[in-house]
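See below for the structure under consideration.
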Amino acid sequence: MLVASVSLNNLANLYSSVGRYMEAEPLYTEALGMARELLGSAHPDIATFVRYLRVFSQGQK
């Protein structure tokens with residue numbers, strides 16, 4: 001369900017914002033995977049999930 005993937009992404013954002021990075025990363029990845037499964041990789045909304053994961057990953061370097 002897309003609502004679940006959005007919720008996981010939001011929870012990952014929360015964890016990231018309070019410094020719980022180890023918990024945030026798998027949630028970003030899971031949210032992206034769920035969204036891809038539901039919408040397909042070519043769906044425009046996938047870009048939002050990819051962007052969140054990329055921004056998170058860039059912040060970890």
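The values are calculated or read from the model by the stated rules, or taken from the named source; none is laboratory data. Only a predicted model underlies this, so the values are computations on that prediction, with no experimental measurement involved. Positions of Cβ are backbone-derived with ideal geometry, glycine not excepted, and every protein chain shown enters the neighbour counts.
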**Asked** Could we say that residue 37 is modelled with pLDDT of 95 or more, loosely packed, with under 12 Cβ neighbours inside 10 Å and not in a loop (DSSP other than H, G, I, E, B) here?
**Response** yes
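So that you can scan it fast, the table gives a plain yes or no per residue for (1) in contact with a Ser or Thr (Cβ under 7 Å, 6 or more places away or on another chain); (2) not aliphatic (A, V, I, L, M):
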residue: 1; (1), (2): no, no
residue: 4; (1), (2): no, no
residue: 7; (1), (2): no, yes
residue: 19; (1), (2): no, yes
residue: 37; (1), (2): no, yes
residue: 42; (1), (2): no, no
residue: 48; (1), (2): no, yes
residue: 51; (1), (2): no, yes
residue: 56; (1), (2): yes, yes
**the stretch 40-52, residues that are of a type outside the set (Val, Ile, Thr), in contact with a helix residue (DSSP H, G or I) (Cβ under 8 Å, 6 or more places away or on another chain) and in a helix (DSSP H, G or I)** = 49, 52
**Asked** Mind checking which pairs have a first residue in the stretch 9-23 that is farther than 13 Å from residue 49 by Cα and a second that is part of a loop (DSSP other than H, G, I, E, B), Cβ under 8 Å, 6 or more apart or different chains?
**Response** 21/60
**Item:** When residues of the stretch 41-54 are limited to those that are of a type outside the set (Gly, Ala, Ser), over 17 Å from residue 22 (Cβ atoms) and under 14 Å from the mean Cα position of the chain (by Cα), the one surrounded by the fewest Cβ atoms within 10 Å (Cβ to Cβ)
**Value:** 51
**Asked** Pick from the stretch 1-23 the residues that are assigned to a helix (DSSP H, G or I) and among the β-branched types (Val, Ile, Thr): which of them is surrounded by the most Cβ atoms within 10 Å (Cβ to Cβ)?
**Response** 6
**Request:** Would you mention how many residues in the stretch 7-40 are under 8 Å from the mean Cα position of the chain (by Cα) and β-branched (Val, Ile, Thr)?
**Result:** 1
